[in-house]
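Asks: To start, I am sharing the structure in question, which I have written as structure tokens.
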Amino acid sequence: MFLLFTDFGWQGPYVGQVKAVLATRCPTHSIIDLMHDAPAFRPREAGYLLAAIVHWLKPGGVVVAVVDPGVGSARAAIAAAVDGCWFVGPDNGLLAPIINAAVVEHRQVLTLPTPQRASASFHGRDVFAPAAAELALHGAIADQREIMQWVGRDWPADIDQVIYVDGYGNVLTGRRAATLPCSMGPVIGGQPVTAARTFADVAPGTAFWYRNSIGLVEIAVNQASAAQQLGLQVGDSLPFQQFA
Amino acid sequence: MFLLFTDFGWQGPYVGQVKAVLATRCPTHSIIDLMHDAPAFRPREAGYLLAAIVHWLKPGGVVVAVVDPGVGSARAAIAAAVDGCWFVGPDNGLLAPIINAAVVEHRQVLTLPTPQRASASFHGRDVFAPAAAELALHGAIADQREIMQWVGRDWPADIDQVIYVDGYGNVLTGRRAATLPCSMGPVIGGQPVTAARTFADVAPGTAFWYRNSIGLVEIAVNQASAAQQLGLQVGDSLPFQQFA
Amino acid sequence: MFLLFTDFGWQGPYVGQVKAVLATRCPTHSIIDLMHDAPAFRPREAGYLLAAIVHWLKPGGVVVAVVDPGVGSARAAIAAAVDGCWFVGPDNGLLAPIINAAVVEHRQVLTLPTPQRASASFHGRDVFAPAAAELALHGAIADQREIMQWVGRDWPADIDQVIYVDGYGNVLTGRRAATLPCSMGPVIGGQPVTAARTFADVAPGTAFWYRNSIGLVEIAVNQASAAQQLGLQVGDSLPFQQFA
């Protein structure tokens, strides 16, 4: 199984070419679009989002992750084996929250070669997809070289920031809800946002936070867009405070 | 084969997680996205649309249908075997047009258990996908319990309402064209809308109705958006009248 | 493997029904969405785009291509075997750039029958998908009839026009970059657009052209939309000139 996580969007021939490369080399493997609107050009926020999804799903197979503003530059391409699943992507922090969370004995990080024929602008198709196919077929990469350092190796397990705004305007943070008591919450524009179990528990138009389906603190407004109502976007800081 | 029919949209990690659960449990089954812009939060209209698509396709396998404004509330989750195909979804009317249309001997309706670990907000991933996988693998659900009542059991076979507006602005109704003579049609804003075979048969800018590719009465305007030109949206009533 | 290339968009139950037909008849074949926002109603421009993608991918299997403003009219449906891959679509020029580029000994063009039950408005589902499934299973079509003429048989190998604008506003042309020296480029609004290797080589806000990942001349603006900044859209002519 391949799982794709990118900021390519659904427009254009980009996702399709990545999938065509995978399906040509691995005709019997399924290919799942995890999402293609990961935070664009923001590998750090995207990395915390991917880690939360993966933590819940515990997938096998190979995850192809591409949020890569530095494509064509000197940044390395890496593959990481974490708890029995492979992750392939740029070395720009996108995979760091996943790698960091694993115990040292259960992870291995490799640098990937750049194929001769690779274009300068489309490493998803030319670098990451071929590497993912090779890992799916053989469980290893020719000329693989293990590394002990990667971008984001020193990042914390949680970040108190907006990491994603979904199609409903719900605001996902990089803070795992299990680390936060219900008596805490963010203060936004001077207003404390308290916890609720779910939408039905608050009045329409009221902002609240809840533990979302991938275990993160998510800020929502019943029947409205929290992002719009609270003026929040990806990258904004959200300091959490203790309420009375 | 799994067929997905939801109002999740293509944004966000929602459809992807449902598919990851299915592919993990049933690696050799194909997963088809039937559509993800079913009428949002409108299980009734979505149900008539799904029934028309399914009636045409006569698919095998398992259809996972999720249009579920009551997620997290007490509404039941059900599975229905209809003419050799399984349907899984909330008991809010979404599956009623399909179940009602089947002869009693060829249908069976079950309630689904809610797994202990299920989140409050994402039953597509936590309730419906696991049940669909179990049905695909075993043709039955552990602890299944047959029921004789479901929401929408008394609904008619056709509804004279807008059930969907597509990307071109074409207006799909819940009325099967085979039940309507060509001498009838809707009156909208005092204007009768007459039948045509296809777009090429009417002048640009003219509204008409035709039997669409899934057998429903569809209202269109040649080279324009019928929804915009006629001011129609999902849920609007469309009484049909006999013309001269 | 099936590869889908259409202008259907991701909305509505259209792509999903095509895939359901394919998956029902060929359960073990993978189905890849190459793109669904091909230039709408413009089979000529779409054809040059498809040819460039296919030239790069060299896929096997069956490509189902549908950009078909004449659906329901008398235009023929065709299948073309080109270099070991099948292409199915309307005979309106969409497949011409691919067929024309193949050497005569490695291509074969057939007309497709229209199934009795086919709807007037949805040949993607009712004509092209069934033919694609038959080709995938048997490598031939019942009642196939070879033809020597097709719409666009006399078209050139390159067209100096905009053939696609992607989600970032990058402007793809129908000119293969390998045919153009770096000393040439388009003049747009009196301004010459010179070549660069990639985005990082030009200042933000500057327009340039480069060889894109499928080998075409693409016009881009670093950190902005070239289409918007230069006022370009699909179909516009782009005469290339020799600079200095």
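The values are calculated or read from the model by the stated rules, or taken from the named source; none is laboratory data. Everything quoted here is computed from the prediction, not taken from an experiment. In this analysis, Cβ positions are derived from the backbone assuming ideal geometry, glycine residues included, and neighbour counts consider all displayed protein chains.
Asks: Search region C:225-242 for residues being at pLDDT 95 or above and part of a loop (DSSP other than H, G, I, E, B), and hand back the single one that is surrounded by the most Cβ atoms within 10 Å (Cβ to Cβ).
Replies: C:L232
Asks: Within the set of pairs 6 or more residues apart or between chains, which connect a residue that is within 7 Å of chain A (Cβ to nearest Cβ) inside region B:8-20 to a residue that is modelled with pLDDT under 95 and in a helix (DSSP H, G or I) with Cβ atoms less than 9 Å apart?
Replies: B:Q17/A:W56; B:Q17/A:L57; B:A20/A:L57
Asks: Okay, next question. Counting only residues that are buried (at least 22 other Cβ atoms within 10 Å of the Cβ) and β-branched (V, I, T), which one in region A:192-224 is farthest from B:R125 (Cα to Cα)?
Replies: For region A:192-224, the residue satisfying everything is A:V193.
Asks: How many residues, within region C:24-50, are of a type outside the set (S, T, N, Q) and more than 12 Å from chain A (Cβ to nearest Cβ)?
Replies: 11
Asks: So which residues in region C:55-104 are over 22 Å from C:P130 (Cα atoms) and hydrophobic (A, V, I, L, M, F, W, C)?
Replies: C:W56, C:L57, C:A101, C:A102, C:V103, C:V104
Asks: Please specify each residue of region B:191-213 satisfying the condition of being over 17 Å from B:D160 (Cβ atoms) and of a type outside the set (F, W, Y).
Replies: Scanning region B:191-213 gives B:A196, B:R197, B:T198, B:A200, B:D201, B:V202, B:A203, B:P204, B:G205, B:T206, B:S213.
Asks: What pairs come out if I take residues in region C:83-109 that are free of Cβ contacts under 8 Å to residues at least 24 places away in the same chain and pair them with residues that are surrounded by fewer than 22 Cβ atoms within 10 Å (Cβ to Cβ) and hydrophobic (A, V, I, L, M, F, W, C) whose C-beta lies under 8 Å away, six or more apart or interchain?
Replies: Going by the 8 Å Cβ cut-off, the qualifying pairs are C:A102/C:V82.
Asks: Here's a follow-up. Condition test on B:N222, is it touching an Asp or Glu at 6+ places or on another chain (Cβ under 8 Å) and of a type in the set (S, T, N, Q)?
Replies: No.
Asks: When you scan region B:131-146, do you find a residue that is part of a loop (DSSP other than H, G, I, E, B), surrounded by fewer than 17 Cβ atoms within 10 Å (Cβ to Cβ), within 14 Å of chain A (Cβ to nearest Cβ) and free of Cβ contacts under 8 Å to residues at least 60 places away in the same chain, even just one?
Replies: Scanning region B:131-146, I find no residue that is part of a loop (DSSP other than H, G, I, E, B), surrounded by fewer than 17 Cβ atoms within 10 Å (Cβ to Cβ), within 14 Å of chain A (Cβ to nearest Cβ) and free of Cβ contacts under 8 Å to residues at least 60 places away in the same chain, so the answer is no.
Asks: While we're here: Look at region C:178-191 and say how many of its residues are surrounded by fewer than 18 Cβ atoms within 10 Å (Cβ to Cβ) and within 27 Å of A:G16 (Cβ to Cβ).
Replies: The number of residues fulfilling the criteria is 2.
Asks: Further, regarding this structure: Which condition number does B:M1 fail, the rest of (1) away from every other protein chain (no Cβ under 13 Å); (2) surrounded by fewer than 20 Cβ atoms within 10 Å (Cβ to Cβ); (3) of a type in the set (A, V, I, L, M) being met?
Replies: (1)
Asks: Would you confirm whether or not region A:66-83 contains a residue that is touching a Gly at 6+ places or on another chain (Cβ under 6 Å), surrounded by 24 or more Cβ atoms within 10 Å (Cβ to Cβ) and not assigned by TED's automatic domain parsing to the domain that holds A:E218?
Replies: Within region A:66-83 (the criterion being touching a Gly at 6+ places or on another chain (Cβ under 6 Å), surrounded by 24 or more Cβ atoms within 10 Å (Cβ to Cβ) and not assigned by TED's automatic domain parsing to the domain that holds A:E218), the answer is yes, since at least one residue qualifies.
Asks: Right, something else. Residue under question is B:R153, and the condition is that it be in the same structural domain as B:V82 (by TED's automatic domain parsing), among the charged types (D, E, K, R) and either touching a residue at least 60 places away in the same chain (Cβ under 8 Å) or touching a helix residue (DSSP H, G or I) at 6+ places or on another chain (Cβ under 7 Å) (or both); does it hold?
Replies: It is false that B:R153 is in the same structural domain as B:V82 (by TED's automatic domain parsing), among the charged types (D, E, K, R) and either touching a residue at least 60 places away in the same chain (Cβ under 8 Å) or touching a helix residue (DSSP H, G or I) at 6+ places or on another chain (Cβ under 7 Å) (or both).
Asks: Here's another thing I want to ask about it. Scan region C:172-180 and give yes if some residue there is of a type outside the set (D, E) and farther than 18 Å from C:G215 by Cα, otherwise no.
Replies: Scanning region C:172-180, I find no residue that is of a type outside the set (D, E) and farther than 18 Å from C:G215 by Cα, so the answer is no.
Asks: In this structure, is B:L95 over 16 Å from the mean Cα position of the chain (by Cα), surrounded by 17 or more Cβ atoms within 10 Å (Cβ to Cβ), of a type in the set (A, V, I, L, M, F, W, C) and in the same structural domain as B:E45 (by TED's automatic domain parsing)?
Replies: Judged against the criteria, B:L95 is not a match.
Conditions (1) more than 26 Å from A:G9 (Cβ to Cβ); (2) in contact with a strand residue (DSSP E or B) (Cβ under 8 Å, 6 or more places away or on another chain); (3) among the small types (G, A, S), marked per residue:
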| residue | (1), (2), (3) |
| --- | --- |
| B:Q17 | no, yes, no |
| B:H29 | yes, yes, no |
| B:H36 | no, yes, no |
| B:V54 | yes, yes, no |
| B:G60 | yes, yes, yes |
| B:A74 | yes, no, yes |
| B:A81 | yes, yes, yes |
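Asks: While we're looking at this one, here's another question. Out of all the residues in region C:65-87, which are within 14 Å of chain B (Cβ to nearest Cβ) and out of contact with any His (no Cβ under 9 Å at 6 or more places or on another chain)?
Replies: Correct list: C:P69, C:G70, C:S73, C:A74, C:R75.
Asks: Of everything in region A:133-181, what is at pLDDT below 95 and under 17 Å from the mean Cα position of the chain (by Cα)? Give them in sequence order.
Replies: Correct list: A:G167 only.
Asks: (1) in contact with a Leu (Cβ under 7 Å, 6 or more places away or on another chain); (2) not assigned by TED's automatic domain parsing to the domain that holds C:Q233: which one isn't true of C:N100, the others all being true?
Replies: Exception for C:N100: condition (1).
Asks: For region C:115-127, state whether one or more residues are surrounded by 13 or more Cβ atoms within 10 Å (Cβ to Cβ), more than 14 Å from chain B (Cβ to nearest Cβ) and in contact with a strand residue (DSSP E or B) (Cβ under 9 Å, 6 or more places away or on another chain).
Replies: For region C:115-127, residues surrounded by 13 or more Cβ atoms within 10 Å (Cβ to Cβ), more than 14 Å from chain B (Cβ to nearest Cβ) and in contact with a strand residue (DSSP E or B) (Cβ under 9 Å, 6 or more places away or on another chain): absent.
Asks: I'd like the full set of residues that are aromatic (F, W, Y) and out of contact with any Ser or Thr (no Cβ under 8 Å at 6 or more places or on another chain), limited to region A:35-90.
Replies: Matches in region A:35-90: A:F41, A:Y48, A:W86, A:F87.
Here's the yes/no breakdown for (1) surrounded by fewer than 24 Cβ atoms within 10 Å (Cβ to Cβ); (2) out of contact with any helix residue (DSSP H, G or I) (no Cβ under 8 Å at 6 or more places or on another chain); (3) charged (D, E, K, R):
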{"residue": "A:F41", "(1), (2), (3)": "yes, yes, no"}
{"residue": "A:L50", "(1), (2), (3)": "no, no, no"}
{"residue": "A:W56", "(1), (2), (3)": "yes, no, no"}
{"residue": "A:G89", "(1), (2), (3)": "no, no, no"}
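Asks: So, one more: Which of the numbered conditions does A:L172 fail, given that it passes all the others? Conditions: (1) surrounded by fewer than 19 Cβ atoms within 10 Å (Cβ to Cβ); (2) out of contact with any Gly (no Cβ under 7 Å at 6 or more places or on another chain); (3) outside any loop (DSSP other than H, G, I, E, B).
Replies: Condition not satisfied by A:L172: (1).
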